[in-house]
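Data block below; observations after.
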Amino acid sequence: MTASYGPTNIIKDLNFNLAEGEFLAIIGENGVGKTTLVRSLLGMLTPKAGTIKFTDHSIAKNIGYVPQSRNLDEEYPITVKDFVSLNLRDSKLPWVTANEKAKVWSIIEQTNLTKIADRPLGQASGGEKQRAYLAQALLNSPKLLILDESTASLDVEMKQELLKLVAKVQQENKMSAIFITHDLPLARNYADNYLLMTKQQEYTMGPIASLNVSESEKV
Amino acid sequence: MLSFDFMRHALVAGTFIAVICGMMGVFVIARGMSFLTHTLAEIGFAGAAFGLFMGWPALNGMLLFTVLSSAMVGELGVRSARRENVISAVSALFLGLGILFISLSDNSAASATSILFGSVIGISLGEVWQVVILSIIVILVTLLMYRQLKFDSFDSVGARVNGINGTVISIAFLIMLALSVSVAAQIVGSLLIFILLTLPAASARYFVHSVSSMIALSIGFAVAGTWLGITLGYFTNWPTSFFIATIEVIFYLSGLIWNKKR
């Protein structure tokens, strides 16, 4: 596919496959088109040329996306549970049904948020906030999860914890995952494959173990 | 006190106004639109003055101005109106227009006072019906778009990536806000619109932490303030708006103290 804003192509002739249950790390410095790729996958941007094909159309309609940041300050009032529930879409009723409550609680358990479920999200730590964002993205059992530099603001320990959780949920739910990052050691620990994007619009893919040092230096 | 028609009218209209303001206020605060609300109130003042000038009821002029301006401004307005300079300019223009229309119409001083400070005690049965019907429209539309409005107001980033059309929600919300501002101005006046549209919601978020309970408590604060205000106004002959303002500020201060003590 090729994607652009105006006349300049941000991504040119990129071609890659993502298998069911695969954990792909997309790496590359700022400005190589990682966000553009994500926006195209989410359907917020139509590719200029080429197509994005999903094996099942329903996958495209239900992609879990965890953005880098959300600017929620410490005054942010609603609880972790309420924040996760915002993404409920099984019904249009103004109230939350019993089934929906059970669904929210099961995701909260899966993402280790039970202890802070009734605390305001604004008072949660950076790692807890990211877990809440993850829980919200996972609420509708997506077949594809995209983490957009979601670990950038976390310290080393929290990064590991979040990725470990993502890997666990990914395996439990047989979900594919795309992890956009600058953090090569983290990617090596958890991803199956990598896609390296460069400013020269060259794209290389392969098993994460084969990512060599000279290529990594480009990041 | 309830044997008087004007008091029954005031209480019925006041209750409906308090309910919609308490409900809308939660979204106003979450969307960071307190100042835009104030600007809408000033646009409403100009509209009411225009209504008087044309010989219409003040509420009709207000509705015309606020709904038209919010529909036209839409998403663009939500973004740009947050900038203080734009707010100052728009407020200045509409206050100026309001003053012009008032001076061009007859009996200027009395009508200016009632538009700016509210006059719930003087509300007629026809006006009560108008308030009730408009309030029911606001409540129904808000309930219909409740989930999407909630998502967009409390997590606009998440709402966008999950396919919610923020522009449509913003415009629909602005129109509902315009209706609420025009209706609420009947009781507290356009100068004091903050009292019912932002204070109860701002107080509620200190006490409870889910959207539904915030709405319930915010409505509770708004209704309690309105009832007490109207009652105290009846017994003392002092302005209702003064009492409502004082009561809502007390709720807000208790929220602040409660929050600090925890």
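Read the figures in this text as sums done on the coordinates, not as results from a lab. Worth saying up front: this structure is predicted, and the values here are computed from it rather than measured. Virtual Cβ from ideal backbone geometry, glycine too; neighbours counted across all protein chains shown.
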Just how large is the dipole of chain B about the Cα centre, in debye to the nearest 20, putting +1 at every Lys and Arg Cβ and -1 at every Asp and Glu Cβ?
840
Could you tell me which residue out of A:PRO77, A:ILE10, A:LEU113 lies farthest along the dipole of segment A:1-132 toward its positive end? Charges go on the beta carbon: Lys and Arg +1, Asp and Glu -1, centred on the Cα centre.
A:ILE10
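Taking segment A:72-141, how many lysine pairs are there with alpha carbons less than 15 Å apart, if each pair must be eight or more places apart or span two chains? It would help to have the intermediate numbers written out before the result.
Numbers: A:LYS81/A:LYS101; A:LYS81/A:LYS103; A:LYS81/A:LYS115; A:LYS81/A:LYS129; A:LYS92/A:LYS101; A:LYS115/A:LYS129.
Taking segment A:72-141 as the scope, the lysine pair count is 6.
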Give the range of the longest stretch in chain A that excludes all GluC sites (Glu not before Pro) found in loop regions by DSSP and having at most 16 other beta-carbon atoms within 10 Å.
A:76-201
If R₀ is 56 angstrom, what is the calculated FRET efficiency for the pair A:VAL156 and B:MET54, using the beta carbon separation as r and rounding to 0.05?
0.25
Two decimals, Cα atoms only, Kirkwood Rh: what is Rg/Rh over chain B?
0.96
Roughly what angle does helix A:98-110 make with the longest principal axis of chain A, taking Cα atoms, 0 to 90 degrees, to the nearest 10?
60
Springs between alpha-carbon pairs under 10 angstrom, Gaussian network model over chain B: which of B:ALA49, B:ALA224, B:ALA178 fluctuates most?
B:ALA224
Between B:PHE242, B:PHE65, B:PHE194, where does the largest GNM mean-square fluctuation fall for chain B, given springs only between Cα atoms within less than 10 Å?
B:PHE242
Run the reach check for A:LYS199 against lysines, Cα to Cα strictly under 20 Å, same-chain hits fewer than 8 apart removed. What comes back?
A:LYS12, A:LYS34, A:LYS48, A:LYS218
Candidates A:SER176, A:SER125, A:SER141; GNM for chain A (alpha-carbon contacts under 10 Å) flags as most fluctuating A:SER125
Eligible lysines near A:LYS53 by straight Cα distance, threshold 16 Å, same-chain separation 8 or greater
A:LYS61, A:LYS143
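Could you compute the net charge surrounding A:ILE11? Neighbours are other residues with a C-beta less than 15 Å from the C-beta of A:ILE11; K and R count +1, D and E count -1.
Numbers: positive: A:LYS12, A:LYS34, A:ARG39, A:LYS48, A:LYS199; negative: A:ASP13, A:GLU29, A:GLU202.
Spelling it out: positives minus negatives among the neighbours equals +2.
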In whole Å, how far is the Cα centre of segment B:4-62 from that of segment B:177-231?
11
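Enter the mean projected area of the convex hull around the alpha-carbon atoms of chain A, in nm², rounded to one decimal.
Details: hull surface 51.4 nm².
With the hull built on Cα positions only, its mean projection is 12.8 nm².
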Could you give the DSSP H helices of chain B that reach 27 angstrom or more along their long axis (alpha carbon positions) and whose average Kyte-Doolittle hydropathy is no lower than 0.5?
B:5-30, B:34-54, B:58-80, B:84-104, B:125-144, B:166-188, B:211-236, B:240-261
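Please arrange B:HIS38, A:HIS57, B:HIS209 by counting, for each residue, the other beta carbons lying within 10 Å of its beta carbon, fewest first.
Details: B:HIS38 19, A:HIS57 8, B:HIS209 22.
Neighbour counts put them in this order, fewest first: A:HIS57, B:HIS38, B:HIS209.
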In 10 Å bins starting at zero, report the fraction of Cα pairs in the protein assembly as shown per bin as a rounded %.
4, 18, 24, 20, 15, 11, 6, 2, 0
Counted neighbours (other Cβ, 10 Å), sorted fewest up, put B:MET62, B:MET23 in the order B:MET23, B:MET62
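List A:LEU41, B:LEU177 from most exposed to least, where exposure is judged by having the fewest other Cβ atoms within 10 Å.
Numbers: A:LEU41 20, B:LEU177 25.
Arranged by neighbour count, lowest to highest, A:LEU41, B:LEU177 become A:LEU41, B:LEU177.
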Spacing of the two label points (7 Å from each Cα toward its C-beta) at A:THR198 and A:MET44, in nm
2.9
Distance (nanometres) between label positions extended 7 Å along Cα→Cβ at B:SER254 and B:ILE139
2.4
